[in-house]
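The structure appears below as structure tokens.
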Amino acid sequence: MLVDLPMKERFVVSRRRTGFGDCLWSLAAAWQYAKRTGRTLVIDWRGSCYLDEPFTNAFGVFFEPIQSIAGVRVICDEQINQLSFPGPFFPAWWNRPSIDCVYRPNEQIFRERDELRRLFEDQNDTHANTVVCDACLMWGCDQDAERQIFQAVKLRSEIQSRIDAIYQEHFGGRSVIGVHVRHGNGEDVMGHAPYWVDPQLALGQVCAAIEKAKALPHAKPVTVFLCTDSPKVLRQVSAWFPDLFSISKRFQADQAGPLHSAELGAEGGFSALIEMYLLGRCDTVIRFPPTSAFTRYARLVAPRVIEFDLNDPSRLIVFDGEAVRKNS
């Protein structure tokens with residue numbers, strides 16, 4: 001039975017079913033808007049690409065329960081299956097009958113993304129009681145909001161324990177260069193496509209970046225930690241750097257699609273979060289491509305970040321504290 005919520009209470013619903021980088025970055029944008037407008041934040045990750053259970057809220061599978069974030073009330077548990085949020089809704093699409101809202105063509109999703117970003121950027125509010133954020137809202141908030149989310153949201157203890165064990169085994173006494181290579185493994189990589197026009201050139205660029213990172217000053221012996229969604233990338237980069245380490249995980253077959261897939265079950269989500277948070281504990285992080293939200297957490301917290309210029313992928317940019325250096 002659906003439970004109607006009080007009309008006087010207003011909501012922001014953060015609905016995402018994508019990879020964790022997108023989920024968390026979009027959540028930060030929704031939270032910042034909820035904070036500014038005095039709304040309750042609802043984290044609705046049902047239908048997650050990491051689960052094959054359409055009515056399970058994936059947030060509770062991977063993160064600890066949370067009641068508030070910096071003064072913003074949060075609903076993030078299974079009660080969302082019984083809740084009926086008050087209208088009117090923004091964007092306007094969500095004022096349609098529920099059955100008509102199920103299928104949204106891509107052009108509608110992109111339209112809503114742009115409407116939501118304008119709403120957030122203009123620092124305005126809407127008369128709608130419920131704002132539905134069911135689109136990618138990367139770049140929809142400032143870095144303080146992102147940091148607030150990563151500080152407030154805690155991994156489930158079993159995931160954190162696995163991270164701590166790997167850190168103790170591989171990171172202790174070493175300067176770790178974390179390398180993330182977002183390949184796609186056969187999926188439509190959309191905004192990442194310019195980096196993969198020539199796959200062999202791309203892998204050569206990654207390996208050259210690792211060499212440059214190793215040549216930078218390090219306080220301790222250097223080790224390389226590789227995270228990727230492609231078994232081919234793992235094989236080829238490992239051939240260049242036989243002493244690198246990676247975390248054992250289940251891959252899709254070559255060209256069979258991304259790792260954020262319900263076919264891999266919750267373990268695929270666990271593996272993703274372990275790598276995402278371990279990258280944030282590296283001394284240096286290489287992001288390829290830098291358009292991937294997966295390394296956004298590492299970009300915010302790692303002491304040194306190396307990424308490829310968005311306008312010229314052949315050029316490296318080194319973020320070392322506050323200093324920025326460009327290298328051909």
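The values are calculated or read from the model by the stated rules, or taken from the named source; none is laboratory data. What you are looking at is a predicted structure, and each value in this text was computed from that prediction instead of being measured. Using ideal geometry, Cβ is built from the backbone for each residue, glycine included, and neighbour counts are taken over all protein chains shown. Accessible surface is based on the protein model in full, side chains and every heavy atom, while ligands, DNA and RNA are left aside. Shrake-Rupley method; radii C 1.70, N 1.55, O 1.52, S 1.80 Å.
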Of everything in segment 122-149, what is under 21 Å from the mean Cα position of the chain (by Cα) and not in a loop (DSSP other than H, G, I, E, B)? Give them in sequence order. VAL132, CYS133, GLN143, ASP144, ALA145, GLU146, ARG147, GLN148, ILE149
Being surrounded by 21 or more Cβ atoms within 10 Å (Cβ to Cβ) and at pLDDT below 90: is that true of LEU264 here? yes
In segment 31-41, is there at least one residue being among the aliphatic types (A, V, I, L, M) and at pLDDT 95 or above? yes
Can you list the strands (runs of 3 or more DSSP E) lying wholly within segment 271-322 that have 2 or more residues being modelled with pLDDT under 90 and more than 22 Å from SER26 (Cα to Cα)? 316-320
Within the group PHE11, PHE55, which residue is farther than 21 Å from LEU137 by Cβ and either open to solvent by less than 30 Å² (accessible area, probe 1.4 Å) or of a type outside the set (Asp, Glu) (or both)? PHE55
From the list PHE85, PHE110, which one is more than 21 Å from PRO54 (Cβ to Cβ) and aromatic (Phe, Trp, Tyr)? PHE110
For ARG147, indicate whether it is open to solvent by 50 Å² or more (accessible area, probe 1.4 Å), at pLDDT below 95 and of a type in the set (Lys, Arg). no
Given (1) crowded, with 19+ Cβ neighbours inside 10 Å; (2) assigned to a helix (DSSP H, G or I), number of the condition GLN160 does not satisfy: (1)
So, first residue farther than 19 Å from VAL285 by Cα and open to solvent by 10 Å² or more (accessible area, probe 1.4 Å) in segment 173-198, second residue at pLDDT below 70 and not aromatic (Phe, Trp, Tyr), Cβ within less than 7 Å, six or more apart or across chains; the pairs are GLY186/GLN255; GLY186/ALA256; GLY186/GLY257; GLU187/GLY257; GLU187/PRO258; TRP196/VAL189
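Limited to segment 276-297, what total is found for residues that are closer than 17 Å to ASP229 by Cα and touching a residue at least 60 places away in the same chain (Cβ under 8 Å)? It would help to see each step written out before you state the result.
First, the residues of segment 276-297 that are closer than 17 Å to ASP229 by Cα: 276-279, 285-296.
From what is left, the residues that are touching a residue at least 60 places away in the same chain (Cβ under 8 Å) are 276-279, 285-289, 291-296.
The number of residues fulfilling the criteria is 15.
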Subset of segment 69-89 [open to solvent by less than 40 Å² (accessible area, probe 1.4 Å) and under 27 Å from ASP144 (Cα atoms)]: ILE69, VAL72, VAL74, ILE75, CYS76
Pairs where the first residue, in segment 30-59, is among the aliphatic types (A, V, I, L, M) and the second is open to solvent by less than 10 Å² (accessible area, probe 1.4 Å) and assigned to a helix (DSSP H, G or I), C-beta under 6 Å, 6+ apart: LEU41/ALA34; ILE43/PHE59; LEU51/ALA58
Which ones in segment 33-48 are over 18 Å from VAL72 (Cα atoms) and surrounded by 24 or more Cβ atoms within 10 Å (Cβ to Cβ)? TRP45, SER48
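Considering only segment 107-120, state which residues are touching a residue at least 12 places away in the same chain (Cβ under 8 Å), open to solvent by 10 Å² or more (accessible area, probe 1.4 Å) and more than 19 Å from the chain's Cα centre (by Cα).
Looking only at segment 107-120, we keep the residues that are touching a residue at least 12 places away in the same chain (Cβ under 8 Å), and these are 108-113, 115-117, 119-120.
The next check asks that each one be open to solvent by 10 Å² or more (accessible area, probe 1.4 Å); those that pass are 108-111, 113, 115, 117, 119-120.
The answer is GLN108, ARG111, GLU115, LEU119, PHE120.
Restricting to segment 40-61, name every residue that is over 16 Å from ASP134 (Cβ atoms) and in a loop (DSSP other than H, G, I, E, B).
Step one: filter segment 40-61 for residues over 16 Å from ASP134 (Cβ atoms), giving 40, 50-53, 55-56, 60-61.
Scanning segment 40-61 gives TYR50, LEU51, ASP52, GLU53, PHE55, THR56.
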